[in-house]
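The values are calculated or read from the model by the stated rules, or taken from the named source; none is laboratory data. Everything numeric in this text was worked out from a predicted model, so none of it was measured. As a convention, Cβ positions derive from the backbone with ideal geometry for all residues, glycine included, and neighbour counts pool all protein chains shown.
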Amino acid sequence: MKTLFSTEEIIDNIKEINPFVIAIDAPLVKGDIIIRKADRLMKKYGAMPPIMPSMKLLAQRGTNIAKRLEIQGYDVIEVFPTGTAKILGFYEKKYKKSIKRLNMQNVFNNKHEYDAYLCSLTAKYYYYGETKKVGDGQGTIVIPLETL
């Protein structure tokens, strides 16, 4: 696991790995940044609205990266790692407790890497058809099936 910072580092790393699906932890917006149905539905898991200033920046960057990857033929999905952890039953408010519950203490260097793991876990469930999409034409968020 490693932390990447620039958009080019992220895209270059994806090209090198060539995954089946790419899960992005950011609102992937279509048009103006608004509160979408998906955002309202994910609020119960703690999702923040994309209209907040910091979330707007995240949405713009995530959407830009997603578009670049989709043009190159990648399957890109929007995910919410905290929702994944809550649905799968190992969420703890302090992420280090979740890591300890999973017995993965020496795997992650920071919370971003842990969130990336949750994104990849959601992508794995998606690949195997064990997810559902919440939202509508303005955007969907992929989450694991709650019966897993």
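The listed residues are Ile33, Ile14, and the only one of them that is touching a residue at least 24 places away in the same chain (Cβ under 8 Å), surrounded by 13 or more Cβ atoms within 10 Å (Cβ to Cβ) and assigned to a helix (DSSP H, G or I) turns out to be Ile14.
Only a single item in (1) in a loop (DSSP other than H, G, I, E, B); (2) under 21 Å from Thr7 (Cβ atoms) is not met by Ala123, and it is number (1).
Listed here are the residues, each with its yes/no results for (1) among the acidic types (Asp, Glu); (2) over 19 Å from His112 (Cα atoms); (3) at pLDDT below 95.
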site	(1), (2), (3)
Met1	no, no, yes
Gly46	no, no, no
Leu58	no, no, no
Leu69	no, yes, no
Val79	no, no, no
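Quick test for you: out of Asn103, Asn109, pick the one residue that is in a loop (DSSP other than H, G, I, E, B) and either touching an Asp or Glu at 6+ places or on another chain (Cβ under 9 Å) or touching a residue at least 24 places away in the same chain (Cβ under 8 Å) (or both). Spell out how you get there, then give the answer.
Values: Asn103 fails: either touching an Asp or Glu at 6+ places or on another chain (Cβ under 9 Å) or touching a residue at least 24 places away in the same chain (Cβ under 8 Å) (or both).
Criteria check complete, one pass: Asn109.
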